[in-house]
1. Working from Cα positions, state the angle (0 to 90°, nearest 10) between the long axis of helix 87-98 and the longest principal axis of the chain.
2. Take S181, S21 and order them by how many other Cβ atoms sit within 10 Å, fewest up front.
3. If you compute P(r) over Cα pairs in 5 Å bins from 0, in percent for the structure shown, which of (i) 1, 7, 12, 14, 15, 14, 11, 9, 7, 5, 3, 1, 1, 0, 0; (ii) 1, 7, 15, 19, 18, 15, 10, 7, 4, 2, 1, 0, 0; (iii) 1, 7, 16, 20, 23, 17, 10, 4, 1, 0, 0, 0 do you land on?
4. Short version: ³J(HN,Hα) in whole Hz for each residue of the stretch 101-117, in order, from phi by Karplus 6.51 cos²θ - 1.76 cosθ + 1.60 (θ = phi - 60°), x for Gly and Pro, what are they?
5. To the nearest 0.05, what FRET efficiency results for Y48 and A91 with a Förster distance of 25 Å applied to their C-beta separation?
6. Along the charge dipole of the stretch 15-77, Cβ charges K/R +1 and D/E -1, which of L66, A34, A49 sits furthest on the positive end?
7. Using the alpha-carbon atoms, what tilt in degrees (0 to 90, nearest 10) does helix 15-29 show relative to the longest principal axis of the chain?
8. Mind checking the dipole of the stretch 15-77: about its Cα centre, +1 per Lys or Arg Cβ, -1 per Asp or Glu Cβ, Debye to the nearest 20?
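Computed from the coordinates by the stated procedures, all read-outs in this text should not be read as laboratory data. Predicted model only: the values in this text are computed from it and were never measured. Glycine gets a Cβ as well: all are built from the backbone with ideal geometry, and neighbour counts include every protein chain shown.
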Amino acid sequence: MALLLLDLDNTLVDRDAAFRSAAVDFLAEHGLPAEDLAWVLAQDASGYAGRAAVAGALAERYGDVLSAAQIRAFLDHGASSRVVLAAAARAALTAARESGWSCVIVTNGRVVQQERKIRRTGLDGLVDGWVVSEGIGVRKPDPEIFRAAALRGGMSLAGAWMVGDSAHADIAGAGALGLSSVWVAAGRAWTEEAYRPTHTAPDVASAIRHVVASAAA
C-alpha cells in the first residue's frame, strides 16, 4: 500500500470554471456590466490572490452598488457551490483505492471553503482524508503540509506520489521531499528550468492512472 497525495483546485475539480460561472451570475444578478468578467477573473488570479485583496478590489469598484455582505457571499460560496467531480476522475480515484493506494487531498485555502468542495463533490467518500493549509498553519510547498497529509492517511512519505497543477506548490513541494510527482498540464507547457515533474498528464484521471500503472509495473 502506498500514498497518493492530490491537489484539489484545478486538479481534482475545475475551480476556475466554477468561479467563472459564479462570476457571470454575480454580475448579472447585480446589474453589473457583463464585460467586467475579465476584470473579475483577473482579480481572482485562479484563486491565488488573497481573499481580502479580491474583496477590497470588488468593494472599490462596486461599493456604491454592493454591500460587503454581498461581496462576501460571492467569494465564500460562488465557486465552492458549483464545483463538480468529473466521472473519469471519480473512476480513477476508485480504482486507485481498490489497488491499495491511500489517497489524501493536500490543498491550500480556507477550511470552510475547501471542505465544502470536498463534500459537495462526494470526494469525502472517495479519499482517505484531507489537509487544508488554513487548518494546520502552513501552505504548499512547505514540507510540513505534505508530512501532515501522510499522517492523516496513516502512511509514510516513502514511495508517495504527488499529483497537482501548480509547478511551485505541488511539483517543487514534492521534489523538495524526494517524492515522485505528476503535473496536470491542462494544455499548458512546462516552463520551469530548476525542477521537473516525474511525469506530465493532460488531466487528473490520466495522472492517477499513470501512478497506479507505474507502481504495478
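1. 30 degrees
2. S21, S181
3. (ii)
4. Karplus values, whole Hz, x for Gly and Pro: 7, 8, 9, 10, 7, 10, 9, 7, x, 8, 4, 4, 5, 5, 5, 4, 5.
5. Computed FRET efficiency for Y48 and A91: 0.30.
6. A49
7. Helix 15-29 and the main axis of the chain meet at about 10 degrees.
8. 200 debye
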